[in-house]
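To start, the structure under review is shown below, and the notes come after it.
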Amino acid sequence: MSEKKAILVASYGTSYDDTREKTIGAIERHIAESFPGWDVRRAFTSRPVIRILEKRGIHVDFVDAALDRLADEGYGTVVVQPTLVMNGVEYDYMMEEVERRRDRFDAITVGRPLLTTSEDFDALIEAIGAAYGPEAEGDAMVLMGHGTTHFANSAYSELQLRLIASGRRDVYVTTVEGFPDYDSTLGLMEGCDRKDVAMFPLMIVAGDHANNDLAGDEEDSLRSVMAAAGYNPRCIVRGMGEYPEFRDLFRAHAADAMESLRERSGPR
């Protein structure tokens, strides 16, 4: 059995150079500092992003190549920790590659995305208050996620319901490509007595969606839609990976994955 251990941090990725190291890189560094004795590697789940970066001379492995590289280098124990928000399409792709290579390692396990268990939602709501609260400065908050046709999109609605149930009727969740959409969120905000709105990307990186769909000048951007509805929107274009509160959640998920490996292996 090989004693070499690695944590593969699997992110969707981004072609925006300025946000990549402030978000994905920051999560990777935090995990590396938290678990000495484990080597930390990077993989992306978006082949289009990988191709864009390759043209610039920046190489990042897709999950399959990253796992093969670890196996070829003699790593026996691997934790794959995704920095994904939910168990959606990208998570399914990642799991397929893990399952195909499971027999190449002595032990391999996968940490949870951000929103998986009931406790994950509670932890995220607490982190939202701690990370975004000081920047919102008493404004209402709108958090913009990506959205997906995958059934995992229901996580956004659950997050909204849990925010309301926890008493946070000043925080609203919307998505670019799923539900809740902008109109649904505006309908929910009709009872809000605050016109000043701080808007944050509910995304790990501040890439194209954050810069254009959230903060862009086009009439269909969230900023423009909010302004047309009579609100005073203020965009904070920072990916979740820039905040230590969110980085801690991924570190905790990686720790849980390691604990599951120890439980499976039993006492030594």
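Please treat every number below as a calculation from the coordinates, not as lab data. This structure is a prediction, so every number in the text was calculated from the model and none was measured. Cβ atoms come from the backbone with ideal geometry, glycine included; neighbour counts cover every protein chain shown.
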Coil-residue trypsin sites (Lys or Arg not before Pro) of the stretch 19-124, DSSP, other Cβ within 10 Å capped at 11: R56
Given N residues in the chain, what is its alpha carbon radius of gyration divided by 2.2 N^0.38 Å? 1.04
Enter the angle in degrees (range 0 to 90, nearest 10) between the Cα long axis of helix 63-72 and the first principal axis of the Cα atoms of the chain, meaning the one along which they spread out most. 20 degrees
Rounded to the nearest 0.05, what FRET efficiency is calculated for H59 and E158 with R0 set to 30 Å and r the Cβ-Cβ distance? 0.20
Theoretical ellipticity at 222 nm over the chain - DSSP helices of four or more residues, -39500 (n - 2.57) apiece, nearest 500: -13500 deg cm²/dmol
Once R0 is set to 41 Å, what does the formula 1/(1 + (r/R0)^6) return for the Cβ-Cβ distance between R102 and E135, expressed as a FRET efficiency to the nearest 0.05? 0.45
With label points set 7 Å from each Cα along the Cα-to-Cβ direction at S166 and E119, the distance between them in nm comes to 1.5 nm
Would you work out which of V79, I236, M199 lies farthest towards the positive end of the dipole of the chain? Charges go on Cβ: Lys and Arg +1, Asp and Glu -1. V79
If I model a spin label as a point 7 Å beyond the Cα along the Cα-Cβ vector, how far apart are those points for V89 and L261 in nm? 3.1 nm
E177 and D72 label points (each 7 Å along its Cα→Cβ direction) are spaced in nm at 3.1 nm
Between the alpha-carbon centers of the stretch 137-168 and the stretch 241-264, tell me the distance in whole angstrom. 22 Å
Stretched fully, the stretch from E219 through E190 gains (0.36 nm per residue minus C-alpha distance, one decimal, in nm) 8.4 nm
